[in-house]
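Report on one structure; see the data block that follows.
The values are calculated or read from the model by the stated rules, or taken from the named source; none is laboratory data. What you see is a predicted model, and the numbers here were worked out from it, not measured in a lab. Quick reminder, even Gly has a Cβ in these numbers, built from the backbone with ideal geometry, and neighbours come from all protein chains shown.
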Amino acid sequence: MKILVPVKRVVDYNVKVRVKADGTGVETANVKMSMNPFDEIACEEAVRLKENGVATEIVAVSIGPTQCQETLRTALAIGADRAILVETGVEVQPLAVAKILRKIAEKESPQIVILGKQAIDDDSNQTGQMLAALLGWPQATFASKVKIADGAAEVTREVDGGLETVAIKLPAVVTTDLRLNEPRYVTLPNIMKAKKKQLDVVKPEDLGVDVTPRLKTLKVQEPAKRKGGALVKSVDELVDKLRNEAKAIP
Amino acid sequence: MAVLVIAEHDNASIKPATLNAVTAAQKIGGPVHILVAGSGCGGAAAAAAKIAGVAKVRVADAPHYAHPLAESLAALVVALAEGYSHLLAPATTTGKNFMPRVAALLDVAQISDIIAVESPDTFVRPIYAGNALATVQSSDRVKVVTVRTTGFDAAKGEGGSAPIEAVSAAPDPGLSRLVGQELTKSARPELTSARVIVSGGRGMGSGENFNILEALADKLGAAVGASRAAVDSGFVPNDYQVGQTGKVVAPELYIAVGISGAIQHLAGMKDSKVIVAINKDAEAPIFQVADYGLVGDLFQAVPELTEKL
């Protein structure tokens with residue numbers, strides 16, 4: 001069984017992002033980039049499924065500039081078998097990403113596509129669901145546990161009130177939540193091995209996908225700053241302020 | 001053209017998040033319709049009809065809508081989409097699950113998690129965990145939008161008397177089914193609609209120590225939340241989590257206890273009206289956003305606070 005793992009290159013989660021002075025976006029020049037943490041969880045899950053004998057091959061795919069090859073090498077170092085870069089210099093929005101992934105999925109015929117529930121840059125939380133829709137496949141989003149047997153998957157999902165478990169037929173799309181697993185540390189020998197693994201590069205045009213953005217970003221601003229920082233000396237003072245100044249308690 | 005809000009409900013009543021989405025719909029303009037897809041959902045439909053400012057309630061009652069599975073619900077919404085300028089749902093785990101599926105089937109973009117309506121085609125949404133706000137314009141013929149509930153006041157749940165119209169169910173795609181649910185039982189209010197929230201972080205030290213927060217929460221009629229660090233440490237279940245990867249809340253009063261204030265946590269609570277922080281580390285970033293910070297031992301301060309309220 002083949003697993004497809006789409007991964008996105010994003011600003012590292014430790015970086016404090018800064019809005020560009022001209023309001024066109026956030027500063028990404030000379031900023032540390034990494035694999036989207038949710039996608040790292042997706043890679044890890046795929047590798048565990050392979051280690052458990054459920055999967056036989058893992059194909060990682062990324063969409064974006066040449067530098068996404070680094071992200072794919074990380075996926076290969078975690079344990080993906082080969083990688084595909086869909087190379088483009090333009091901004092690719094979730095619907096276009098899903099269309100590209102559909103083409104790749106049709107070519108590769110995976111039984112499962114596992115990817116992060118959202119990317120931590122645009123926080124859209126759309127791609128997996130859109131891909132499932134375009135393929136006509138079932139979806140299990142926000143997964144915290146994945147069990148696969150007999151051509152079906154049972155997935156426990158993180159939902160607002162707690163957990164729910166759904167049964168889905170394969171092929172299917174699964175999106176990962178934080179508690180699905182803890183990704184392994186990538187070791188040096190595996191990084192070296194990853195350099196030798198196959199990485200193919202294609203263009204969106206080769207796949208016949210129109211990636212023209214549907215949403216136009218008019219401006220990007222910093223949110224209003226909160227005026228905090230006031231300290232109280234005691235619980236008594238806190239109670240007094242909450243009651244008489246903020247009127248937040250009766 | 002009308003705006004369709006897809007209701008979140010439990011067949012008997014409407015979930016509060018729907019009311020915030022109705023307000024967003026009213027800001028867009030045009031008549032507001034509500035879709036209630038459920039099974040034996042007459043109670044929810046009747047409740048939807050009472051929401052102030054709603055022009056029509058459409059009800060699809062079929063066994064395969066008993067639980068909002070993305071595959072079934074998306075197929076229904078797509079079948080009903082004709083004639084609407086906008087399709088809206090609250091950005092809850094349910095809305096986030098099925099709405100992108102609707103958008104893709106209609107071949108349009110989705111605008112996720114809007115916090116403001118600038119015009120019928122232009123919306124403001126947070127990106128980078130709320131560290132930046134993007135104003136985006138959609139050129140699609142129908143706008144598929146999820147609404148961050150904290151960005152909009154709740155519409156009044158009473159006062160309306162919209163007509164209720166039955167619509168036919170779409171075929172059951174039969175791709176998925178619900179196996180079971182493990183919902184956290186709590187007598188306290190839900191996090192996303194609570195007026196007061198008491199949250200604990202890694203500083204709580206253990207799950208048992210959340211007892212002192214629960215005592216404070218009970219005194220205040222508050223919900224109990226947690227930071228991702230507390231969830232990752234196994235102190236409390238994930239549905240307690242407030243932050244970029246958990247729930248986004250904006251209560252009247254947010255009391256952060258033993259929470260350092262990582263960016264990802266702040267993203268989920270910084271729109272609260274009043275923020276109180278109790279932490280022994282005076283350098284903790286949470287104090288930068290707190291209206292009232294108390295540097296001290298939470299194991300003394302919290303019980304004392306509970307007693308003095």
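Among the residues of region B:202-228, those that are under 21 Å from the mean Cα position of the chain (by Cα), of a type in the set (Gly, Ala, Ser) and buried (at least 16 other Cβ atoms within 10 Å of the Cβ) comprise B:Ala217, B:Ala222, B:Ala223, B:Gly225, B:Ala226, B:Ser227.
Residue-level analysis places B:Val54 among those that are more than 9 Å from chain A (Cβ to nearest Cβ) and crowded, with 22+ Cβ neighbours inside 10 Å. Of the residues in region B:1-14, how many are over 13 Å from B:Pro68 (Cα atoms) and buried (at least 22 other Cβ atoms within 10 Å of the Cβ)? The qualifying residues number 4.
A quick yes/no check of all residues on (1) within 30 Å of A:Val19 (Cα to Cα); (2) surrounded by fewer than 24 Cβ atoms within 10 Å (Cβ to Cβ); (3) more than 11 Å from every other protein chain (Cβ to nearest Cβ); (4) within 18 Å of the chain's Cα centre (by Cα):
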residue: B:Lys27; (1), (2), (3), (4): yes, yes, yes, no
residue: B:Ile34; (1), (2), (3), (4): no, no, yes, yes
residue: B:Glu82; (1), (2), (3), (4): no, yes, yes, no
residue: B:Gly95; (1), (2), (3), (4): yes, no, no, yes
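Residue pairs whose Cβ atoms lie under 6 Å apart, separated by 6 or more positions or on different chains, with the first residue in region B:173-189 and within 7 Å of chain A (Cβ to nearest Cβ) and the second assigned to a strand (DSSP E or B) and modelled with pLDDT under 90, are B:Glu182/A:Gly162; B:Leu183/A:Gly162; B:Thr184/A:Gly162.
Residue-wise test of (1) touching a Pro at 6+ places or on another chain (Cβ under 7 Å); (2) within 19 Å of B:Leu309 (Cβ to Cβ).
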site	(1), (2)
B:Ser161	no, no
B:Ser176	yes, no
B:Thr192	no, no
B:Arg195	yes, yes
B:Gly200	no, yes
B:Glu208	no, no
B:Ala229	no, no
B:Asn238	no, no
B:Val248	no, no
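Criterion first (crowded, with 20+ Cβ neighbours inside 10 Å and either of a type outside the set (Phe, Trp, Tyr) or at the interface with chain A (Cβ under 10 Å from one of its Cβ atoms) (or both)) does B:Ala103 satisfy it? Before you say what the answer is, go through the steps one by one.
Values: crowded, with 20+ Cβ neighbours inside 10 Å: yes; either of a type outside the set (Phe, Trp, Tyr) or at the interface with chain A (Cβ under 10 Å from one of its Cβ atoms) (or both): yes.
Spelling it out, B:Ala103 is indeed crowded, with 20+ Cβ neighbours inside 10 Å and either of a type outside the set (Phe, Trp, Tyr) or at the interface with chain A (Cβ under 10 Å from one of its Cβ atoms) (or both).
Put simply, of B:Val78, B:Val54 the only residue that is within 28 Å of A:Val166 (Cβ to Cβ) and β-branched (Val, Ile, Thr) is B:Val78.
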